[in-house]
1. Among all the aspartates and glutamates, which ones have a C-alpha under 12 Å from K64's C-alpha, if same-chain residues fewer than 8 places away are not counted?
2. Using only alpha carbon pairs under 8 Å that are at least six residues apart, calculate the relative contact order of the chain and give it in whole percent.
3. At a Förster distance of 25 Å, what's the computed FRET efficiency of Q71 paired with D5, Cβ-Cβ distance as r, to 0.05?
4. May I ask you to compute the full-extension gain from Q85 to H52, defined as 0.36 nm times their residue separation minus their alpha-carbon distance, rounded to one decimal in nm?
5. Can you give the angle from 0 to 90° between the axis of helix 58-71 and the longest principal axis of the chain, with both taken from C-alpha atoms, to the nearest 10?
6. How much of the accessible area of the chain, probe 1.4 Å, is carbon plus sulfur, in whole percent?
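The values are calculated or read from the model by the stated rules, or taken from the named source; none is laboratory data. Because the structure is a prediction, the values reported are computed rather than measured. Note that each Cβ is placed from the backbone with ideal geometry, even for glycine, and that neighbours are counted across all protein chains shown. With ligands, DNA and RNA removed, areas are computed over all heavy atoms of the protein, side chains included. Shrake-Rupley method; radii C 1.70, N 1.55, O 1.52, S 1.80 Å.
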Amino acid sequence: MSIADNLKQVREEIATACAKANRNPDDVTLVAVSKKKPITDIIEAFEAGQQHFGENRVEESMEKIPQINAQVSQPITWHMMGHIQSRKAKHILPLFDMIHS
């Protein structure tokens, strides 16, 4: 299954769940966890309409995020998810738009 097909399936599942819960699917944000994924996969997901990506490894993010941002046509919303070590905190603010910790 391609990344685009997988995203389509997940979005359909979200729409079905929202219909059952009487919620608007537009009120749900799908955050694709991209840790340990190659840049090419993240760009493919972006090109398939995915706008939000989550990372939890600061060192990996420091390399990947600038490279990906330089290759895409629109801004990506980056989410830092998980525990933040105090010695790495100074690197997080320039990279991420949202922090879930």
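1. Of all the aspartates and glutamates, those that pass the test against K64 - Cα under 12 Å, at least 8 places apart if same chain - are D41, E55.
2. 23 percent
3. In this case the efficiency is close to 0.70.
4. Gain on extension, Q85 to H52, equals 9.6 nm.
5. For helix 58-71, the angle is close to 70 degrees.
6. Looking at the chain in its full context, I get 50 percent from C and S.
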